[in-house]
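So the structure is just underneath, and the comments pick up after that.
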Amino acid sequence: MSNKKIVVIALGGNAILKRGEKGTIEEQLVSVETTVRQLVQMVLSGKYKIVITHGNGPQVGNLLLQNEIAKDEITPMPLYVCGAQTQGMIGYMIQQSLGNVLTEHGRGDIPIAAIVTQVVVDSTDPAFTAPSKPVGPFYSQEEAQRIKEEKGYHMKEDARGGWRRIVPSPDPIKIQEQIVIKQLLDARTIVIASGGGGIPVIDQKGRLAGVDAVIDKDFAAERLAENVEAKILLILTDVDQVKLYYQTPQEKALSQITAAEAAKYYTAGHFAPGSMGPKVSAALRFVESGGEKAIITSHHNAFAALEGRAGTTITKD
Ligand code: ADP
Ligand code: MG
């Protein structure tokens, strides 16, 4: 057994498709490679085994729109299938980019695998009776009404104008492919898994079935980290550190905090729901369940943060 620490790394939206970009494959590959260079430093240090997970928001949004536009010619696929498709697409970009950068460093021999990952959720999760997560295209009120009647979707007016479908965001219970992920890690493979929060599936008397829902990527990353017995959960986003009084004159960056402090600041409302909130929550869950530490930082600080020189680190005490 090697004594390398297992690190689960969650890549935020910005790592792949930057706000304001069109999202051509070339643009996405450039962004991926920038982040991958940080990850390769971790691997080359010889101290870590890494599992990479990632968001899929912009990619799945585009795919849903493609399905919508082409619906009269080609049967649209359900949201959970679009989730599987984007795991494949993004997994491909990350595995190719990792391979290229490792080869550049003379380590093209290190195996890499992207795993299409199902994440089991509970069909009685309260999220199923209170859909909250907007997905896919924007519609007019009339179109939204028609879709609601035809398909039974929940539709909600969006703050940015127009109407969108909203789906449940249930809690991830377990990573279905956790055993094969562990086996790959034991075999020194870099693993990419549970992209987009994983494909949500429910257990129906021993048979798994996909459901239209979106699992929060940060919570899925935490569950993955628990399931593969990772020591470190590294959440990469577009801010260098977690802040108190974010975007106010009293703003204060946090470098090192305990779970108790994080919980206190969370309750006081310092971390916005839907952005920093789930990251801090996931970090808390991880250290409470036995993880050594959770780190939140930006993509370009990833390696420095892992070495204790950047970011916000959360430990149990
Ligand atoms: P990701 O794609 O990485 O999940 P999100 O937009 O969901 O990105 O979350 C990161 C964002 O959280 C930052 O861009 C920042 O604007 C926001 N944020 C909210 N509260 C805080 C806070 N207290 N400290 C730092 N960033 C915060
Ligand atoms: Mg997010």
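The values are calculated or read from the model by the stated rules, or taken from the named source; none is laboratory data. It should be emphasised that the depicted structure is a prediction, and the values quoted were computed from it without experimental measurement. Backbone-built Cβ (ideal geometry, glycine too); neighbour counts: all protein chains shown. All accessible areas refer to the heavy atoms of the entire protein, side chains included, with ligands and DNA or RNA removed. Shrake-Rupley method; radii C 1.70, N 1.55, O 1.52, S 1.80 Å.
If packing is taken as the mean number of other Cβ atoms within 10 Å per residue, what is the order of 56-66, 138-148, highest first? Could you put the intermediate results ahead of the total?
Working: 56-66: 19.2, 138-148: 14.1.
In decreasing order of mean packing, 56-66, 138-148 become 56-66, 138-148.
In segment 44-117, what chymotrypsin sites (Phe, Trp or Tyr not before Pro) fall in a loop by DSSP, with at most 10 other Cβ atoms inside 10 Å? Present the calculation step by step, with values, prior to reporting the outcome.
Numbers: sites: Tyr48, Tyr80, Tyr92; in loops: none.
When the chymotrypsin sites (Phe, Trp or Tyr not before Pro) of segment 44-117 are filtered for loop state and at most 10 Cβ neighbours within 10 Å, nothing remains.
Have a look at Leu79, Ala144, Val101 and report the one farthest towards the positive end of the charge dipole of segment 30-165, computed about the Cα centre with Cβ charges (Lys/Arg +1, Asp/Glu -1).
Farthest along the dipole direction, towards plus: Val101.
Beyond 24 Å between alpha-carbons counts as too far, so tell me which of Lys156/Lys243; Lys133/Lys252; Lys18/Lys217 fall in that bin.
Flagged as over cut-off: Lys156/Lys243; Lys133/Lys252.
Would you check the accessible area of Ile94, probe 1.4 Å, heavy atoms only, in square angstrom rounded to 10?
0 Å²
To check my understanding: the extent here is largest minus smallest coordinate of the Cα atoms along each principal axis. What are those three numbers for the chain, in Å, largest first?
Largest first, the chain extends 56, 47, 44 Å along its Cα principal axes.
With a cut-off of 17 Å, note down the residues of segment 270-304 whose backbone N falls inside the zone around a label point 7 Å from the Cα of Lys252 toward its beta carbon.
Of the residues in segment 270-304, 270-271 have backbone N under 17 Å from the label point off Lys252.
Indicate the gyration tensor shape class of segment 43-135 (rounded, prolate or oblate), computed on the Cα atoms with a ≥ b ≥ c the square roots of the eigenvalues: a/c under 1.5 is rounded; otherwise a/b larger than b/c is prolate and the rest oblate. Walk me through the numbers on the way to the answer.
Numbers: a/c = 3.28, a/b = 1.72, b/c = 1.90.
The shape class here is oblate.
Among Arg309, Arg107, Arg19, what's the order by accessible area (1.4 angstrom probe), most exposed first? All intermediate terms of the calculation are to be shown ahead of the outcome.
Working: Arg309 160, Arg107 95, Arg19 195 Å².
Per-residue accessible area, sorted high to low, gives Arg19, Arg309, Arg107.
Whenever you get a sec, compute what percent of the accessible area on the chain sits on carbon and sulfur atoms (1.4 Å probe).
Working: 7710 of 15280 Å².
With neighbouring chains kept in place, the figure for the chain is 50 percent.
Show which lysines lie in cross-link reach of Lys49 when reach means a straight Cα distance below 18 angstrom and same-chain residues fewer than eight apart are skipped.
Once the sequence-local lysines are set aside, what remains near Lys49 is Lys4, Lys5, Lys182, Lys231, Lys293.
Kirkwood hydrodynamic radius of segment 107-256 from all distinct Cα pairs, in Å? Present the calculation step by step, with values, prior to reporting the outcome.
Details: mean 1/r = 0.0551 Å⁻¹.
Kirkwood hydrodynamic radius for segment 107-256: 18.1 Å.
Averaged per residue, what accessible area in Å² does segment 240-317 show with a 1.4 Å probe, protein chains only?
Numbers: 3770 Å² over 78 residues.
With the other protein chains kept in place, segment 240-317 gives 48 Å² per residue.
Each label point is 7 Å from the Cα along the Cα-to-Cβ direction; what then is the distance between the points at Asp72 and Arg160, in nm?
Once both label points are built, they end up 2.7 nm from each other.
Could you report the accessible area of His300 in Å², rounded to 10, computed with a 1.4 Å probe on the protein chains as they sit in the structure?
Probe radius 1.4 Å; accessible area of His300 about 120 Å².
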